[in-house]
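**Q** Would you mind keeping the following structure in view while I ask a few things?
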Amino acid sequence: MGDTPFMRAAGRIGTDNIQVHSARLRQLDETYKSFGVFETLLKFYIREKWVPFKNAIEKRFGGTVVSDEMQDRNAALYNAIAVMMWPFARPGQASDDIEQYMDVQLYLAQTHKPAFHAFIDEILKTEFLKNLQVACLGIYPRILKAELPLRPALFLDFDVEYQNKAIPMRVSTDQFDTFKDLYKDIAEIISRQFVLVAGLNNLLKRGDHNAFKPGIGLTKSGRDRTPKNLHAFTDIPFGQKDDFIDDNWFAFGDQAADNQLRNAIAHFKTDYDDVSQKIIYYPRKEGMRQDKSEEIHFLEFMRRVLIAYREMNRLHQLIKSLFYYHYLIHVAENAG
């Protein structure tokens, strides 16, 4: 057969893995045809246009909206998302995460029900949970728009050593700015999703979603920066949030969000060479100077985008499961 690109790739990652990767790419080719309809479907859901939402689910995605109950609308929505976004998923991750989320919620319902329901009431009444859901939904079309430069990043699931290579396409500075903003926005969503993780952690450890471990924020100078409640925790900078979650029940993924890279992007401290595909960023506070830089290749950066997206999507499953608990249990008990 000769030394074709396919054979070289198969030699690097093995026949089984190349088949998985090829299936992803074929799915992306098909998915691209439905992109516009999918983006419109998400808008229908967000704007609560339930008749066109149902029509789109049934006519364009082959799904069913069983009833006008929100749990059934959500089931149809998330089935469509699962189909469209499958190529970007980490195999087996969703089912494992959902099982963990349900275990946590059922445990809290058995051991700290009033406090758990108070937590749900707060994130619903403030619309924090809904706003987070909407933010997550807004990321999916942007990931699909970035699918061409993300294809090589998907290959790195099987061959991490390849990440310092150039990708076989020219990426302009304007295009890089688009992907840069995507990474920053995903990181900001993850920062807000930390609030749910922290609230559940406080419930598991202390039976109160507002109760952080006493003294966890105590500095060497004696200042106590421990958040007074979950509302105060929300305003803590992204890179510091994990410091206030003791013995975390949720295992964040490696490189799920690089706070230094995110800060450099947020403060316009990046340089991109579209010929070499190298990104130079300045993650440290240096006043007017920019001496201490870091460097990554564009492909590695897109890998960071993919990893951050996957972490956001993992935590979107938590949002989904909290809504299901609310629809199926919380509402029924409140009505009773």
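The values are calculated or read from the model by the stated rules, or taken from the named source; none is laboratory data. All of these numbers come straight from a predicted model, not from anything done at the bench. Note: ideal-geometry Cβ built from the backbone for every residue, glycine included; neighbour counts use all protein chains shown.
**Q** Can you pull out every residue in segment 53-62 that is surrounded by 14 or more Cβ atoms within 10 Å (Cβ to Cβ), more than 18 Å from Lys130 (Cβ to Cβ) and either among the basic types (Lys, Arg) or modelled with pLDDT of 95 or more (or both)?
**A** Lys54, Asn55, Ala56, Ile57, Arg60
**Q** Here is a list: Ala115, Ala94. Which entry is small (Gly, Ala, Ser) and farther than 29 Å from Phe179 by Cα?
**A** Step by step, each of Ala115, Ala94 is checked, and only Ala115 is small (Gly, Ala, Ser) and farther than 29 Å from Phe179 by Cα.
**Q** How many residues are free of Cβ contacts under 8 Å to residues at least 24 places away in the same chain and more than 18 Å from Val104 (Cβ to Cβ) if we restrict to segment 205-224?
**A** Residues flagged as free of Cβ contacts under 8 Å to residues at least 24 places away in the same chain and more than 18 Å from Val104 (Cβ to Cβ) within segment 205-224 amount to 9.
**Q** Let me ask another. Which condition number in (1) modelled with pLDDT of 95 or more; (2) farther than 26 Å from Leu230 by Cβ; (3) of a type in the set (Gly, Ala, Ser) is the one that Ala115 fails?
**A** All conditions are met except number (2).
**Q** Residues that are within 19 Å of Asp273 (Cα to Cα) and modelled with pLDDT of 80 or more: does segment 165-175 have at least one?
**A** yes
**Q** State which residue pairs qualify: first residue under 20 Å from Phe35 (Cα atoms) and inside segment 64-87, second residue of a type in the set (Lys, Arg) in any location, beta carbons under 7 Å apart, and separation of 6 or more residues or different chains.
**A** Filtered contacts from segment 64-87: Asn74/Lys320; Tyr78/Lys320; Pro87/Arg24.
**Q** Where residues in segment 133-158 are crowded, with 17+ Cβ neighbours inside 10 Å and farther than 26 Å from Phe194 by Cα, which of them is nearest to the chain's Cα centre (by Cα)?
**A** Glu147
**Q** Also, I was wondering about something else. Could you figure out which of (1) assigned to a loop (DSSP other than H, G, I, E, B); (2) at pLDDT 90 or above isn't true of Phe323?
**A** (1)
**Q** Hey, another quick one. Scan the helices (runs of 4 or more DSSP H) fully inside segment 31-120 and keep the ones with 1 or more residues being under 21 Å from the mean Cα position of the chain (by Cα) and under 30 Å from Lys205 (Cα atoms).
**A** Here the list reads 93-111.
**Q** Next question. Ile280 versus (1) modelled with pLDDT of 85 or more; (2) crowded, with 17+ Cβ neighbours inside 10 Å; (3) among the hydrophobic types (A, V, I, L, M, F, W, C): which is the lone unmet condition?
**A** Of the numbered conditions (1) modelled with pLDDT of 85 or more; (2) crowded, with 17+ Cβ neighbours inside 10 Å; (3) among the hydrophobic types (A, V, I, L, M, F, W, C), the odd one out for Ile280 is (2).
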